[in-house]
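Asks: The structure follows.
The values are calculated or read from the model by the stated rules, or taken from the named source; none is laboratory data. Quick caveat, the model's predicted, so the values are computed rather than measured. Heads up, the Cβs are rebuilt from the backbone with ideal geometry, glycines too, and the neighbour counts pull from every protein chain shown.
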Amino acid sequence: MGDLSKARVEISRDFTNCGCDFTRSIDIKLAEGRAQKSTKAYVALFVCWATKALHLELVGDLTSESFISALKRFASRHGCLAHICCDNTTNFIGAHRKIDEV
């Protein structure tokens with residue numbers, strides 16, 4: 001078994017180092033009664049590497065703007081991140097480019 005990375009074993013506050021991913025689409029009911037309208041939504045998952053704590057953010061779609069909004073809400077609650085690890089989906093790559101422009 002390989003060694004754990006330094007970010008996973010060093011003492012730090014929650015969510016300083018974390019991973020991020022999205023769930024598959026879920027159906028959200030917008031109204032009760034006969035004429036129930038529903039829409040698709042997704043959940044952004046943020047997992048702390050040190051404590052394995054989980055933070056969930058509901059997003060409407062898988063665009064870069066939605067991810068940046070979820071990341072802002074996450075950062076406003078937990079503070080700045082030192083390191084975030086995501087897979088190479090287009091929304092994460094687009095968000096990375098937009099953040100680098102700023």
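Asks: If a residue has to be farther than 22 Å from ILE26 by Cα and in contact with a helix residue (DSSP H, G or I) (Cβ under 8 Å, 6 or more places away or on another chain) to count, how many in the range 41-83 make the cut?
Replies: 5
Asks: If a residue has to be outside any loop (DSSP other than H, G, I, E, B), in contact (Cβ under 8 Å) with a residue 12 or more places away in the chain and among the basic types (Lys, Arg) to count, how many in the range 5-30 make the cut?
Replies: 1
Asks: Quick one: which of GLY2, GLY33, GLY94 is free of Cβ contacts under 8 Å to residues at least 40 places away in the same chain and touching a helix residue (DSSP H, G or I) at 6+ places or on another chain (Cβ under 6 Å)? It would help to see each step written out before you state the result.
Replies: Working: GLY2 fails: touching a helix residue (DSSP H, G or I) at 6+ places or on another chain (Cβ under 6 Å); GLY33 fails: touching a helix residue (DSSP H, G or I) at 6+ places or on another chain (Cβ under 6 Å).
When all the criteria are applied, what remains is GLY94.
Asks: Among the residues of the range 1-40, which ones are closer than 27 Å to THR90 by Cβ and of a type in the set (D, E, K, R)?
Replies: ASP21, ARG24, ASP27, LYS40 - these are the residues of the range 1-40 that are closer than 27 Å to THR90 by Cβ and of a type in the set (D, E, K, R).
Asks: I'd like the full set of residues that are aromatic (Phe, Trp, Tyr) and farther than 17 Å from PHE74 by Cα, limited to the range 1-56.
Replies: Listed by number, the list is empty, since nothing qualifies.
Asks: Select from the range 8-26 the residues that are within 26 Å of SER66 (Cβ to Cβ) and surrounded by 10 or more Cβ atoms within 10 Å (Cβ to Cβ) and list them in ascending order. Steps first, answer last, please.
Replies: Just the residues of the range 8-26 that are within 26 Å of SER66 (Cβ to Cβ), to begin with: 14-26.
ASP14, PHE15, THR16, ASN17, CYS18, GLY19, CYS20, ASP21, PHE22, THR23, SER25, ILE26 - these are the residues of the range 8-26 that are within 26 Å of SER66 (Cβ to Cβ) and surrounded by 10 or more Cβ atoms within 10 Å (Cβ to Cβ).
Asks: From ARG34, ARG73, grab the single residue that is basic (Lys, Arg) and either within 13 Å of the chain's Cα centre (by Cα) or at pLDDT 80 or above (or both). Show your work before the answer.
Replies: Working: ARG34 fails: either within 13 Å of the chain's Cα centre (by Cα) or at pLDDT 80 or above (or both).
After applying the criteria, what remains is ARG73.
Asks: If you take the residues in the range 34-67 that are among the aliphatic types (A, V, I, L, M) and crowded, with 18+ Cβ neighbours inside 10 Å, which one is nearest to PHE15 (Cα to Cα)?
Replies: If we take residues in the range 34-67 being among the aliphatic types (A, V, I, L, M) and crowded, with 18+ Cβ neighbours inside 10 Å, then ALA44 is nearest to PHE15 (Cα to Cα).
Asks: Please list, ordered by first then second residue, the pairs with beta carbon atoms under 6 Å, 6 or more apart or interchain, first in the range 44-68 and modelled with pLDDT under 90, second among the acidic types (Asp, Glu).
Replies: Within 6 Å, the pairs are THR51/ASP14.
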